[in-house]
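Notes for the one structure printed next.
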Amino acid sequence: TPAQPVTTLATQASADLFERARTVTPGGVNSPVRAFNAVGGTPRFIRSAKGAWLTDVDGNDYVDLICSWGPMLLGHAHPEVQAAVADAVARGTSYGTPTVPEVELAEEMVARTPVEKIRFVSSGTEATMSAIRLARGFTGRDVVVKFAGCYHGHVDALLASAGSGLATFAVPGTPGVPASSTELTLVLPYNDRQAVLDVFAEHGSRIACVITEAAAGNMGVVPPEPGFNQFLAQTCRENGALFVSDEVMTGFRASKEGQWGLDGKVEGWVPDLVTFGKVMGGGFPAAAFGGRADVMASLSPEGPVYQAGTLSGNPVATTAGLTTLRLATDEVYAHIGSAADVIKTAASEALTAAGVTHTVQSTGTMFSVFFCEGPVKDFADASRTDSAAYKAFFHSMLDSGVYLPPSAYEAWFLSSAHDDRAVQHVLDALPAAARAAAA
Ligand code: PLP
C-alpha cells in the first residue's frame, strides 16, 4: 500500500469513526468518492458546517470547496433556508399527498428554465433514469446515446463504456449491470460532432434520445464547444429523437438559468427534456425532470409512461429548494463568479510559479483545475491528468484548512457565503500546495 499522506492536523476522531463505519458499511461511506480512495488518507467526518466552512469531528475547520458536490449555493446553514425548513418540519415531514411547496417550486423552475412541465423525484439518478424511460416511451424507440466522461448517476443503462467501435453498442461499466442493460446504449466522445452524425447515419431510426451533461462537470469541467449543444438539439430534432440535457450539476449553478442560460437561451433553442438535482433541493434529497409539455403529457397519470415515488416532491425538501432558488438572485451568481475568478487565477499563478502543468476550465461560475495540458475537450484528454500531483496538492490544501474534492476529476464549488476571509484562506494555502504538487 502507498504511504499515507502526512498530516499536521488532529484526525483521530475521524480515523476512529472511519474504522467503525467500515465495520457496518462497505468502504465506510455511502458514496464512494467520500472514502478518499483516489487521494489516500483519513476521510474527514464532518460534524457541522456554517457558511463557507466545514468543521470536522476533531475540531478542524476547512473552507469548503465542494459545497456538498454542488447543492449548497448559498453556503451551509443559511438562516432563511433553515427557518423555512424548520417551519415546514413543524407542519409534518411527509404526507403522500399533493402539497403547496411542490407547486411553487415547479412554478419557480418553469419560470427560470426552458421546461414547460416538471416532475419531482428524489435523486439525480432517478431523474435521468425517468427521463430516459419517458424518451423511450414517447418516441417508441429504444436506443440511447451518451458521451464518455459524462456521469448521469448510477442508472444501469448509463453505467456503460464504449464498445469496440464508436457505432457499436456499449458494454457494462461495472459488474452487476447485465449486458442486456447496455446493449441499447451508444457511448461517444464528448464534443465530437462527426461521431454523433455517424451514429445517427447508422442507427438514426432507433435512437430515442441523446443525453448529455449540459456542460460536462464529472470529468472536471469540460464545457461544450461553442454550438455543440445546439448541434445536438438540432440533430435530434431532424431525426425524431429527443435531446435530454442533464443539468443536475449545472442547473441554477453555472448561471441563474443553468448552462441553458449560457448557450440555449442565447442561441435560441430548447432541449426536449432537462434533468435537475443538487441546487434545486437546497441540500435535501430532491431532483426533477421536465421539458416539452407534449412529451411530459406521456407521463402517468396523464399518459401511459409509468413513474412514481413515495417521497417525490417531499414538502421539506421542496421548501428548502424553493427558498434557495428565491434567494439565488443575480447578485449571488455575480458574487460566486467573482470569487471563482479570484481563486482560479490564484491557483493558476501558484501552479505556474511552481512549474506544475495545469489547465483551468470553466463554464459560468463552475470551474476545475486539470493537472495536465489543455485544452481538455473530452474524456481522453481529461484522463491525462496527473493524479499523483493532484493528490499531493489536495493533501497540502487539506492540511491548510481547505477542503477540495478528493478526486482530480471534479469541479470546485463555491457559494455566496465564500466571503473575503474564506477566499483569502484559500489563496494563502495555494503556493505551498502548488510546491507540493511539483515535488
Ligand atoms: N447527473 C449529473 C450531471 C450529476 O452530476 C449527478 C451527480 O453528481 C447525477 C446526475 C446523479 O445525481 P444523484 O447523485 O443525485 O443521483
| request: Go through (1) surrounded by fewer than 20 Cβ atoms within 10 Å (Cβ to Cβ); (2) under 30 Å from ALA389 (Cβ atoms) and name the single condition ARG112 misses. | output: (2)
| said: Take ASN191 and tell me if it is buried (at least 24 other Cβ atoms within 10 Å of the Cβ) and either not aromatic (Phe, Trp, Tyr) or not in a loop (DSSP other than H, G, I, E, B) (or both). | reply: no
| note | Selection from segment 266-291 of residues part of a loop (DSSP other than H, G, I, E, B) and within 29 Å of GLN82 (Cβ to Cβ) yields GLY277, GLY282, GLY283, PHE284, PRO285, ALA286
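Look at segment 235-268 and say how many of its residues are aromatic (Phe, Trp, Tyr) and in contact (Cβ under 8 Å) with a residue 40 or more places away in the chain.
Number of matching residues: 2.
Are any of the residues in segment 118-128 closer than 30 Å to LEU311 by Cβ, part of a loop (DSSP other than H, G, I, E, B) and either out of contact with any Asp or Glu (no Cβ under 6 Å at 6 or more places or on another chain) or of a type in the set (S, T, N, Q) (or both)?
Applying the first criterion (closer than 30 Å to LEU311 by Cβ) to segment 118-128 yields 118-128.
Now narrow it down to the ones that are part of a loop (DSSP other than H, G, I, E, B): 122-123.
This time we only want the ones that are either out of contact with any Asp or Glu (no Cβ under 6 Å at 6 or more places or on another chain) or of a type in the set (S, T, N, Q) (or both), so: 122-123.
Within segment 118-128, one or more residues are closer than 30 Å to LEU311 by Cβ, part of a loop (DSSP other than H, G, I, E, B) and either out of contact with any Asp or Glu (no Cβ under 6 Å at 6 or more places or on another chain) or of a type in the set (S, T, N, Q) (or both).
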| In the set GLY70, GLY59, GLY51, GLY28, which member is surrounded by 18 or more Cβ atoms within 10 Å (Cβ to Cβ) and over 30 Å from LEU322 (Cβ atoms)? | GLY28
| note | Checked segment 132-166 for anything outside any loop (DSSP other than H, G, I, E, B), closer than 21 Å to TYR409 by Cα and within 14 Å of the ligand (Cβ to nearest atom); matches are LYS146, PHE147, LEU158
| field | Scan of segment 115-131 for residues that are crowded, with 20+ Cβ neighbours inside 10 Å and away from the ligand (no atom under 12 Å from the Cβ), ordered by number | value | VAL115, ILE118, ARG119, PHE120
| message | Where the second residue is in a strand (DSSP E or B) and acidic (Asp, Glu) and the first is at negative phi and buried (at least 24 other Cβ atoms within 10 Å of the Cβ) and lies in segment 203-231, which pairs have Cβ atoms under 7 Å and are six or more apart or on separate chains? | response | ILE211/ASP246; THR212/ASP246; GLU213/ASP246; ALA214/ASP246
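This table checks each residue for (1) more than 14 Å from the ligand (Cβ to nearest atom); (2) surrounded by fewer than 24 Cβ atoms within 10 Å (Cβ to Cβ); (3) at negative phi; (4) in the same structural domain as VAL115 (by TED's automatic domain parsing).
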{"site": "GLY264", "(1), (2), (3), (4)": "yes, yes, yes, yes"}
{"site": "PHE276", "(1), (2), (3), (4)": "no, no, yes, yes"}
{"site": "VAL279", "(1), (2), (3), (4)": "no, no, yes, yes"}
{"site": "GLY290", "(1), (2), (3), (4)": "yes, no, yes, yes"}
| task | Determine if segment 298-307 includes at least one residue that is touching a residue at least 60 places away in the same chain (Cβ under 8 Å), within 14 Å of the ligand (Cβ to nearest atom) and either more than 22 Å from the chain's Cα centre (by Cα) or not in a helix (DSSP H, G or I) (or both). | result | no
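How about segment 328-339: which of its residues are part of a helix (DSSP H, G or I) and either crowded, with 21+ Cβ neighbours inside 10 Å or touching a helix residue (DSSP H, G or I) at 6+ places or on another chain (Cβ under 6 Å) (or both)?
TYR333, ILE336, ALA339
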| message | Condition (residue is in a helix (DSSP H, G or I) and away from the ligand (no atom under 16 Å from the Cβ)) applied to segment 92-100: is it met by at least one residue? | response | yes
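The values are calculated or read from the model by the stated rules, or taken from the named source; none is laboratory data. Computed from a predicted structure; not experimentally measured. Methodologically, a virtual Cβ is constructed for each residue, glycine included, from the backbone with ideal geometry; neighbour enumeration extends over all protein chains shown.
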